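What follows is one structure encoded as structure tokens, with my remarks underneath.
The values are calculated or read from the model by the stated rules, or taken from the named source; none is laboratory data. Remember, predicted model here, so these are calculated numbers, not experimental data. Cβ sites come from the backbone with ideal geometry, for glycine too, and all protein chains shown count toward neighbours. SASA here: full protein model, heavy atoms, side chains in, ligands and nucleic acids out. Shrake-Rupley method; radii C 1.70, N 1.55, O 1.52, S 1.80 Å.
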Amino acid sequence: MRNRTNRVVLWDFDGTLASREGLWSSTLEKALQPIAPGLGLAAADFPAELSVGFPWHSPDIVRVTQSAAAWWAAQHSVFLRAYTVAGVGREDAERAIAEIPIEYYRPSAWNLAEDAIPALARTAAVGYRNVILSNHAPELPNLVADLGLGPWIDATVTSAAVGAEKPNPRIFARAMEIAGAGEDVWMVGDDRIADIAGAEAVGLRAIQVGPRCTLTDAAWQIIQSTGAPLPGGSAPSQ
């Protein structure tokens, strides 16, 4: 950890700090293209088959995996079903599935929110540890570094590593343990159930970001709670 404060902000990743257009649907499309370009499949051909089967679709179940390879192997049936239903042959599907982890975490496929770094920098400047807490595959910490967030992030906690998905209380407890959190803990995310309800259920304050609340707004609300001035300027207009 970068400092000894026990103030912590838990930040969601997907849809909050960064986004990947099409997420898994786009990943399956891009992984398949060089293997079977003649099929002409697009991201829109896969969504229905990706709406079930991932760990975050059943957050009450705890699944502990021993390695990144084991986590990806557990998702194999989801990917194979999606490709098969879309008309991809077994051999091509297996070759594409092998490329999915690389394609999913390709840094150029991800876009940081324009105010992600300013928001993280502001909470860090008044003594908060910034911890990413995400329902994600195992390699998220590498992506966080590749996107340039390293200087402002003290730890990255994934559901893949913990074995539990938000809103399961287990993942919040583990994140707070890793962060050495005290009583001043916030959760910032875009999902009303996984992020907000999950955090509030374990007694944390939570801010839902979206069209009416930016990351900058969330950072200001957190800093304002301490009575400290907002680093870098005045409060954003509401």
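Could you give the accessible area per residue of the chain, probe 1.4 Å, as a whole number in Å²?
Per-residue value: 45 Å².
Going by average Cβ neighbours within 10 Å, how do the peptides 34-40, 130-136 rank, with the highest at the top?
Result, highest mean first: 130-136, 34-40.
So how tilted is helix 90-104 from the main axis of the chain? Cα-based, degrees 0 to 90, rounded to 10.
Here the helix axis deviates by roughly 20 degrees.
Run through the stretch 156-207 and list the GluC sites (Glu not before Pro) located in a DSSP loop whose Cβ has at most 10 other Cβ atoms within 10 Å.
Hits after loop and neighbour filter: 183.
Taking the alpha carbon gyration tensor of the stretch 81-210, what are the square roots of 5 times its eigenvalues, largest first, to the nearest whole Å?
Ellipsoid half-lengths, sorted descending, are 31, 18, 13 Å.
So what's the angle, to the nearest 10 degrees on a 0 to 90 scale, between helix 76-85 and the longest Cα principal axis of the chain?
Once rounded, the angle reads 50 degrees.
Please determine, in degrees from 0 to 90 and to the nearest 10, the orientation of helix 116-125 with respect to the longest principal axis defined by the Cα atoms of the chain, where the helix direction is its Cα long axis.
So the inclination is approximately 30 degrees.
How large is ³J(HN,Hα), in whole Hz, for each residue of the stretch 199-210 in order, when computed from phi with the Karplus curve 6.51 cos²θ - 1.76 cosθ + 1.60 and θ = phi - 60°, using x for Gly and Pro?
5, 5, 5, 9, x, 9, 7, 9, 10, 8, 8, x
Principal axis lengths of the chain from Cα atoms, whole Å, largest first?
Its Cα atoms span 61, 34, 28 Å along the three principal axes.
With an 8 Å Cα cut-off and a minimum separation of 6 or more residues, compute the relative contact order for the chain in percent.
28 percent
Quick one: pull the percent of accessible area on the chain belonging to carbon and sulfur, 1.4 Å probe, ligands and nucleic acids left out.
52 percent
Given contacts defined as C-alpha pairs under 8 Å and at least six residues apart, what's the relative contact order of the stretch 1-117, whole-number percent?
Relative contact order here is 39 percent.
Calculate, in whole percent, how much of the Cα-Cα pair population of the stretch 1-140 lies beyond 25 Å.
38 percent
Enumerate the calculated ³J(HN,Hα) couplings along the stretch 132-146 in order (Karplus 6.51 cos²θ - 1.76 cosθ + 1.60, θ = phi - 60°), each rounded to whole Hz, writing x wherever the residue is Gly or Pro.
Each residue's phi maps through the Karplus curve to give 7, 10, 9, 6, 8, 6, x, 8, 4, x, 5, 5, 4, 5, 4 Hz.
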